[in-house]
Amino acid sequence: MAEGSVSVAEVQSSFYKFAVHGDTKATGKEMNGKNFAKLCKDCTIIDGKNVTTTDVDIVFSKVKVKSARVITFEQFNQALTELAPKRFKGKNKDEALQQLYGLIVGKEPTNVGVTKVAKAAAVDRLTDTTKYTGSHKERFDESGKGKGKSGREDIPDTSGYVSAYKGSGTYDDKVKEA
């Protein structure tokens with residue numbers, strides 16, 4: 001291989017990573033339009049000037065089979081061949097394609113914009129079980145751990161004694177004395 005050229009296997013491994021991203025049923029052999037656009041965005045093929053998201057969508061529609069919603073790796077290479085001269089103007093097709101491959105190799109889907117857990121004082125105040133009052137206070141023990149069903153429902157006393165009887169549990173002692 002020539003100096004600075006990239007192997008197809010390296011590009012195919014990135015293709016596989018983006019093809020399975022966000023889809024539990026994906027095999028990695030085919031890529032949908034959303035993941036193709038994500039690959040182009042994450043690998044900086046879309047630069048906003050020469051190549052836009054609209055260009056990427058149009059090229060995806062061109063290379064896919066009319067009735068299909070996905071492209072194979074061969075169609076993916078065909079799409080990159082169409083995008084390369086647009087992204088790298090002034091270079092011949094082979095140089096532009098090699099530079100495009102260079103952008104893709106070793107990249108993985110990023111999780112930019114993933115929602116983080118809120119750490120606000122208001123949330124801490126609302127979830128502090130020591131400050132609960134009334135019936136809600138009964139649902140937690142001293143450590144703040146929930147009591148489960150016993151904290152939510154009144155469980156009846158099935159001991160056989162009348163409720164609030166002071167001498168409950170003393171019957172056996174009285175019988176032994178007699």
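Determine whether Lys66 is over 22 Å from Ser13 (Cβ atoms) and touching a residue at least 12 places away in the same chain (Cβ under 8 Å).
Values: over 22 Å from Ser13 (Cβ atoms): yes; touching a residue at least 12 places away in the same chain (Cβ under 8 Å): no.
No.
Going by the structure shown, is Ser159 surrounded by 10 or more Cβ atoms within 10 Å (Cβ to Cβ) and part of a helix (DSSP H, G or I)?
Values: surrounded by 10 or more Cβ atoms within 10 Å (Cβ to Cβ): yes; part of a helix (DSSP H, G or I): no.
Considered against the rule, which asks whether it is surrounded by 10 or more Cβ atoms within 10 Å (Cβ to Cβ) and part of a helix (DSSP H, G or I), Ser159 comes out as no.
Counting only residues that are farther than 18 Å from Glu82 by Cα, acidic (Asp, Glu) and out of contact with any Lys or Arg (no Cβ under 8 Å at 6 or more places or on another chain), which one in region 13-70 is surrounded by the fewest Cβ atoms within 10 Å (Cβ to Cβ)?
Out of the qualifying residues, it is Asp23.
Please tell me if Lys89 is basic (Lys, Arg), in the same structural domain as Tyr16 (by the TED database), open to solvent by 100 Å² or more (accessible area, probe 1.4 Å) and out of contact with any helix residue (DSSP H, G or I) (no Cβ under 7 Å at 6 or more places or on another chain).
On the way: basic (Lys, Arg): yes; in the same structural domain as Tyr16 (by the TED database): yes; open to solvent by 100 Å² or more (accessible area, probe 1.4 Å): yes; out of contact with any helix residue (DSSP H, G or I) (no Cβ under 7 Å at 6 or more places or on another chain): yes.
For Lys89, the condition - basic (Lys, Arg), in the same structural domain as Tyr16 (by the TED database), open to solvent by 100 Å² or more (accessible area, probe 1.4 Å) and out of contact with any helix residue (DSSP H, G or I) (no Cβ under 7 Å at 6 or more places or on another chain) - is met.
Quick check: is even one residue across region 77-86 farther than 25 Å from Asn111 by Cβ, buried (at least 20 other Cβ atoms within 10 Å of the Cβ), at pLDDT 90 or above and in contact with a helix residue (DSSP H, G or I) (Cβ under 7 Å, 6 or more places away or on another chain)? So that I can check it myself, show each step before the final result.
Of the residues in region 77-86, the ones farther than 25 Å from Asn111 by Cβ are 77-78, 81-82, 84-86.
From what's left, buried (at least 20 other Cβ atoms within 10 Å of the Cβ): 84.
Filter again for at pLDDT 90 or above, leaving 84.
After this cut, where a residue has to be in contact with a helix residue (DSSP H, G or I) (Cβ under 7 Å, 6 or more places away or on another chain) as well, the list is 84.
Yes: one or more hits.
The values are calculated or read from the model by the stated rules, or taken from the named source; none is laboratory data. Since we're looking at a predicted model, the values are computed, not measured. Every residue, glycine among them, receives a Cβ derived from its backbone with ideal geometry; neighbour counts consider all protein chains shown. Heads up: the accessible areas ignore ligands, DNA and RNA and are worked out on the full protein's heavy atoms, side chains in. Shrake-Rupley method; radii C 1.70, N 1.55, O 1.52, S 1.80 Å.
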